[in-house]
1. Once you put a point 7 Å from the Cα of Ile18 and another 7 Å from the Cα of Asn5, both along the Cβ direction, what distance in nm separates them?
2. How far, in degrees from 0 to 90, does helix 102-123 lean away from the longest principal axis of the Cα atoms of the chain, to the nearest 10?
3. Quick check on the chain: helices-only [θ] at 222 nm, where DSSP H runs of length 4 and up contribute -39,500 (n - 2.57) each and the sum goes over total residues. Nearest 500, please.
4. What full-extension length gain, to one decimal in nm, is calculated for Asp117 and Met82 as 0.36 nm per residue of separation minus the Cα-Cα distance?
5. Give the Debye-formula value of log10 I(q)/I(0) at each listed q (0.12, 0.19 Å⁻¹), with one equal scatterer per alpha carbon of the chain, two decimals each.
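Computed from the coordinates by the stated procedures, all read-outs in this text should not be read as laboratory data. Please read these numbers as outputs of a predicted model, since none were measured by experiment. Neighbour counts run over all protein chains shown; Cβ positions are idealised from the backbone, glycine included.
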Amino acid sequence: MGTANFIFAMTLFIIVWIIINTLLGKSLAPDYYPFILLNLFFSVQASYASPLILLATNRQEARDRISTEADRKQAAQSKADMDYLSREIASLRQRVGEMATRDFIRSELRSMLDELDQREAAAAPPVVGHAV
């Protein structure tokens with residue numbers, strides 16, 4: 001009843017009603033001025049429109065309530081997911097902090113190689129030169 005099509009059709013109906021009842025004259029018109037039958041139609045329409053409007057309002061409130069509840073659940077799930085991911089990221093950062101880096105491993109290997117070279121040098125017999 002609140003659509004543009006209904007308002008346009010009702011306006012057209014009223015205009016046609018008034019024109020027909022005015023042009024036919026007082027003796028032939030079923031509802032000559034002051035258009036009492038037309039007013040009766042309006043009263044009947046209003047008596048049906050009010051409950052329909054209230055019913056539509058109640059249905060819309062129910063839809064809004066369901067939609068709000070679904071949004072609330074989605075927001076709670078998103079927050080729980082973000083909290084979980086935050087904890088996982090913090091855990092990964094902590095583990096990465098405990099891991100040996102490439103530079104650390106390289107320096108340890110170099111020091112071990114240097115140590116091995118020193119041991120080999122100490123264990124090797126001295127080279128005796130030839131007298132010519």
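1. About 2.6 nm, to one decimal.
2. Between helix and principal axis, roughly 10 degrees.
3. -29500 deg cm²/dmol
4. Result for the pair: 7.3 nm of gain on full extension.
5. -0.84, -1.14
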